[in-house]
Amino acid sequence: MTDVTPAFDATAASTAYRSALSVIAEVEPRVADAIGAELADQRASLKLIASENYASPAVLLTMGTWLSDKYAEGTVGHRFYAGCQNVDTVEGLAAEHARELFGAPHAYVQPHSGIDANLVAFWAVLAQRIESPALERAGVRHVNDLTDEDWATLRHALGDQRMLGMSLDAGGHLTHGFRPNISGKMFAQSSYGTDPETGLLDYDAVRARAREFRPLILMAGYSAYPRRVDFAKMREIADEVGATLVVDMAHFAGLVAGKVFTGDFDPVPHAHVVTSTSHKSLRGPRGGFVLCQPEYADAVDRGCPMVLGGPLPHVMAAKAVAFAEARRPQFAGYAQTVVDNAVALAEGLSRRGARLVTGGTENHLVLLDVSTFGLTGRQAESALLDAGIVTNRNAIPADPNGAWYTSGVRLGTPALTTRGFGAAEFDRTAELVVDVLSHTSPTATRDGSPSKAKYAVDGGVADKTRAAAAELVAAHPLYPGLDLA
Ligand SMILES: *Cc1c(COP(=O)(O)O)cnc(C)c1O
């Protein structure tokens, strides 16, 4: 089990961090203290947040360097600033590792986050499918040559564009055309959901919706859907209606990199454009990237300055290190263990009477319907936290409690798998979760009606669970041997 966790020289890392913290403490000791406290908190926490992970010391140390000091707008070998040779090296390496890791024709590693990667992708599709033909017709060679009148025409054209994505309560993401995000203002949006009986994606329903709605962009990908998606089918649907297929693999990039999702379930050969974060199941630095087919490469590479500021060279360097780690055979073992562990967690929960959306999982996450415990997601999340278990509440399909209180809790395995948890530890975790939720009840508000936020946990169970959770994490230390004292 230990080989799923990247090995590192603990003595060297301890010296590095001790020295770094003493240098920081000379200027603002409270920041040094917070960094130290965060390590203690992460070490003590039974973290089931599906979008979080632990990057290796090599990845983390790469970020704390003077590469951060460099402006490098442009692309490798073609910069608007002098002296970018070392940034060229790290960006070139990150892109090369990404192409090799995912088998992608093109990789753009500048996006600062997952949201930025999506924005780059959306503008690239607009540029490639709408702007370029419009420019060609107008005899204009470059966006910079557009007149104000051209822009007005363009804006009008953009306003009519449509995006079809997975609905939020089925597990889709805000950046897939929803109003609180710019994507919901750039595009007219429509959603596809999941089958009300099975909770599974219904591809015939997606096809019917796509035929009716005729989107420019068909979005696939999710933050809270516990199953694989057939991207070959999604591409067929996109082709049938003339849409560009954009797959947002922010959550499951690690499972693609680790070759758990292959064939029809690997988005890279099927999508025109793939967007991702690097810090979730992929276990890299906090950031984003875009992979694409050659016809979208030029437009994707215009991400900066179209929607991004100067690239973050220190983070691109850390992406190169993380992608190099993910190309090692051990990473495939990690990715498979993440999924095996999610299955163990799901089975452990089901066996103890919990209800799971779709009845199980095929990826790194489990969506637990807590209404069978008589709780809202908000109450369940808080009760679990009181008992030392860190999760996040999440809407379930057709959620009667809306997006704020919700009726679900999302549980993920990437972080604890990095610590070396296996099936037995996740089964024990399932036992703890069910024990806490079955000893939690909603309490009434002042006027006597049932509250969606207030709750009471049996104090004995909370104490006992906190101790059990602490025992579990203590047996699987985070960054073993790393010592700041
Ligand atoms: C997490 C996530 C994002 C956003 O990533 P940030 O780095 O937080 O901007 C985008 N899309 C999906 C599907 C995600 O799960």
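With the requirement that a residue be surrounded by fewer than 17 Cβ atoms within 10 Å (Cβ to Cβ) and either of a type outside the set (S, T, N, Q) or not assigned by TED's automatic domain parsing to the domain that holds Ala462 (or both), what does the stretch 436-445 give you?
Within the stretch 436-445, just Ala444 meets the criteria.
Select from the stretch 96-124 the residues that are under 17 Å from Ala317 (Cβ atoms) and of a type in the set (A, V, I, L, M) and write down the one among them that is nearest to the ligand (Cβ to nearest atom).
Among those that are under 17 Å from Ala317 (Cβ atoms) and of a type in the set (A, V, I, L, M), it is Val109.
Taking the stretch 134-150, which residues are in a helix (DSSP H, G or I) and modelled with pLDDT under 65?
Residues of the stretch 134-150 that are in a helix (DSSP H, G or I), as a first pass: 134-138, 143-145, 148-150.
Matches in the stretch 134-150: Val143, Asn144.
Regarding the stretch 177-187, can at least one residue be identified that is part of a loop (DSSP other than H, G, I, E, B), at pLDDT 95 or above, within 16 Å of the ligand (Cβ to nearest atom) and not assigned by TED's automatic domain parsing to the domain that holds Thr275? Reasoning before the result, please.
Taking the stretch 177-187 as the starting set, the residues that turn out to be part of a loop (DSSP other than H, G, I, E, B) are 177-182, 187.
Next cut, at pLDDT 95 or above only: none.
No, the stretch 177-187 contains no residue that is part of a loop (DSSP other than H, G, I, E, B), at pLDDT 95 or above, within 16 Å of the ligand (Cβ to nearest atom) and not assigned by TED's automatic domain parsing to the domain that holds Thr275.
Whether any residue in the stretch 251-270 is under 23 Å from Asp160 (Cβ atoms), touching a Lys or Arg at 6+ places or on another chain (Cβ under 9 Å) and modelled with pLDDT of 95 or more is what I want to check. I'd like the intermediate steps shown before the answer.
Step one: filter the stretch 251-270 for residues under 23 Å from Asp160 (Cβ atoms), giving none.
Looking for residues that are under 23 Å from Asp160 (Cβ atoms), touching a Lys or Arg at 6+ places or on another chain (Cβ under 9 Å) and modelled with pLDDT of 95 or more, one finds none in the stretch 251-270, hence no.
Among strands (runs of 3 or more DSSP E) lying entirely in the stretch 408-485, which contain 1 or more residues that are without any contact (Cβ under 8 Å) to a residue 40 or more places away in the chain and over 21 Å from Arg352 (Cβ atoms)? Write out each step before concluding.
Working: elements: 408-412, 440-444, 450-457.
By residue number, 440-444, 450-457.
From the list Ala220, Ala243, Ala210, which residue is within 27 Å of Ala403 (Cβ to Cβ), within 14 Å of the ligand (Cβ to nearest atom) and touching a helix residue (DSSP H, G or I) at 6+ places or on another chain (Cβ under 8 Å)? Full working, then the answer.
On the way: Ala243 fails: within 14 Å of the ligand (Cβ to nearest atom); Ala210 fails: within 14 Å of the ligand (Cβ to nearest atom).
Testing whether each residue is within 27 Å of Ala403 (Cβ to Cβ), within 14 Å of the ligand (Cβ to nearest atom) and touching a helix residue (DSSP H, G or I) at 6+ places or on another chain (Cβ under 8 Å) leaves just Ala220.
What is the one condition in (1) farther than 23 Å from Val343 by Cβ; (2) among the small types (Gly, Ala, Ser); (3) surrounded by 20 or more Cβ atoms within 10 Å (Cβ to Cβ) that Ala469 does not satisfy?
(1)
Name the single residue that is farthest from the chain's Cα centre (by Cα) among those in the stretch 1-36 being more than 13 Å from Ala58 (Cα to Cα) and open to solvent by less than 50 Å² (accessible area, probe 1.4 Å).
Filtering the stretch 1-36 for residues that are more than 13 Å from Ala58 (Cα to Cα) and open to solvent by less than 50 Å² (accessible area, probe 1.4 Å), the one farthest from the chain's Cα centre (by Cα) comes out as Ala25.
If I go through the stretch 251-302 residue by residue, how many of them are open to solvent by 10 Å² or more (accessible area, probe 1.4 Å) and within 11 Å of the ligand (Cβ to nearest atom)?
Going through the stretch 251-302 one residue at a time, the tally reaches 3.
Consider Ala72 carefully, then state whether it is small (Gly, Ala, Ser) and either farther than 28 Å from Pro480 by Cβ or part of a helix (DSSP H, G or I) (or both).
Working: small (Gly, Ala, Ser): yes; either farther than 28 Å from Pro480 by Cβ or part of a helix (DSSP H, G or I) (or both): yes.
Spelling it out, Ala72 is indeed small (Gly, Ala, Ser) and either farther than 28 Å from Pro480 by Cβ or part of a helix (DSSP H, G or I) (or both).
Within the stretch 54-77, can one find any residue that is closer than 30 Å to Thr5 by Cβ and in contact with a Ser or Thr (Cβ under 6 Å, 6 or more places away or on another chain)? Before the answer, list the steps.
First pass over the stretch 54-77, keeping only residues closer than 30 Å to Thr5 by Cβ: 54-68.
Applying the additional criterion that residues be in contact with a Ser or Thr (Cβ under 6 Å, 6 or more places away or on another chain) yields 54.
The answer is yes; a qualifying residue exists.
The values are calculated or read from the model by the stated rules, or taken from the named source; none is laboratory data. Values in this document were obtained by computation on a predicted structure and should not be read as measured data. Cβ sites come from the backbone with ideal geometry, for glycine too, and all protein chains shown count toward neighbours. Please note that ligands, DNA and RNA were not included when accessible areas were found on the heavy atoms of the full protein model with its side chains. Shrake-Rupley method; radii C 1.70, N 1.55, O 1.52, S 1.80 Å.
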